[in-house]
Amino acid sequence: MDAPPPALRKIIHIDMDAFYASVEQRDDPGLRGKAIAVGGGGPRGVVATCSYEARKFGVRSAMPGARARRLCPELVFVKPRFEVYRSVSAQIRAIFARFTDMIQPLSLDEAYLDVTQNKPGIASATQVAREIRRLIQEETGLTASAGVSYNKLIAKLASDQNKPDGLCVVRPAEGADFMARMPVRRIHGIGPVTAERMHKLGIETGADLRDRDLPFLQTHFGSSALFYYRAARGEDDRPVHERQERKSVSVEDTFFEDLVAEEALLREIERIAQSLWARIEKAQAYGRTVVLKVKFADFRIITRSRSFAAPVRSVEQLVDAGRALLKAQLPLRMGARLLGLGVHNLEGEGEAGESGDAGAQLSLL
């Protein structure tokens, strides 16, 4: 006999709206309605997040502060208060826990919830999402957007559909059509470089991706092909992990032209380190080992690492470690098409050895 189809799940993805910036505007009425950025506005600063007023000018998270100021001359920079953000995040997670214990936080401001079986016994996941959003606004003074669907992939995409302060529901019968309309560059798991490769193959939307068979995708995208094949069809069976262990946090950038000059390489690694620090602070994921990744023009990859006795606790230490690792490789034998920087051996993990030459991919889980 054929096995019965798996029971449909009810998944909610909650994403706070411009979290850090919203907290600052809540706590300082003088900032309300203004274009603000949380982070550093100096030559080495990076935007951690920004208000929706700033986003109208093109300001985005992980953008160098100097560029953000050029886009929006009236931008107000606010120093991050991570102890406050952690406290508010704890309030929000306590609200989640009233409905389910199956909570997978991704960072201070977003999480997946499996409410298939929820504590209040509410039959409708949409109603659960509405109630959670109401309680967040009532108890914290902040707004959250929510995506409701039958799997994590679609729930996350849905939460971004009606931001800010929005709700989007994608039912099982609607999943395939929802993914067909989605630009591939927005599909979680398809990065900018892969999206550009897809563009060159004539793949712009989920529908275009669905039209390519699995052998075609395997030829062009290797081990990631099955994920893309299933994603285009609205399929994702990943569970909501109550305690997901993060292994690493990293940022990498692929360049349009290979970099050779020492000054340009060091400038890029410093920019990457600033962006990585913003992610580390957001995820509260501090590690002892800093890892440099270099992909050369011939696609060969090397990684180099340096471990410290205690987790890296400042952006200055991270920048210095990244520069030192890169300087030890200079001059490069050929141009670099990609640079990346990450931290491993996060707090709470066991001891691990240093990495040498390897092609391991670093990722933000």
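The values are calculated or read from the model by the stated rules, or taken from the named source; none is laboratory data. These numbers come from a predicted model, not from an experiment. Please note: Cβ atoms are built from the backbone with ideal geometry, for glycine as well, and neighbour counts cover all protein chains shown. Note: accessible area is taken over every heavy atom of the protein model, side chains too, but ligands, DNA and RNA are not part of it. Shrake-Rupley method; radii C 1.70, N 1.55, O 1.52, S 1.80 Å.
Relative to the 2.2 N^0.38 Å rule of thumb, the range 102-163 has a C-alpha radius of gyration ratio of 1.08.
The label-point distance for K119 and D27, in a model that sets each label 7 Å from Cα toward Cβ, rounds to 2.7 nm. If you take the beta carbon distance between L330 and R197 as r and set R0 to 30 Å, what does 1/(1 + (r/R0)^6) give as a FRET efficiency, to the nearest 0.05? Working from the Cβ atoms, E equals 0.55.
Any chance you could count the Lys pairs in the chain whose alpha carbons are under 13 Å apart, treating pairs 8 or more apart or on different chains as valid? Walk me through the numbers before you get to the answer.
Details: K10/K152; K10/K156; K34/K56; K293/K327.
Taking the Cα cut-off of 13 Å, the pair count is 4.
Here the accessible area of the chain is 51 percent carbon and sulfur, with a 1.4 angstrom probe and all protein chains present.
Over all pairs of distinct alpha carbons, what does the Kirkwood formula give as the hydrodynamic radius of the range 84-206, in Å? Provide the component values of the computation, followed by the final result.
Working: mean 1/r = 0.0640 Å⁻¹.
Radius from the Kirkwood sum: 15.6 Å.
Per residue, the range 42-159 exposes 43 Å² of accessible surface when a 1.4 Å probe is rolled over the protein heavy atoms with every protein chain present.
Which peptide among 210-222, 155-167 comes first, and what is the full order, when sorted by highest mean count of other Cβ atoms within 10 Å?
Details: 210-222: 14.3, 155-167: 18.8.
Highest-to-lowest ranking by the protection proxy: 155-167, 210-222.
What whole-number volume per residue, in cubic angstrom, does the convex hull of the C-alpha atoms of the range 165-293 give? Please list the in-between numbers first.
Details: hull volume 22.4 nm³, N = 129.
Dividing the Cα hull volume of the range 165-293 by its residues yields 174 Å³.
Every helix of 4 or more DSSP H residues in the chain counts as -39500 (n - 2.57), and over all residues that averages to -10500 deg cm²/dmol at 222 nm.
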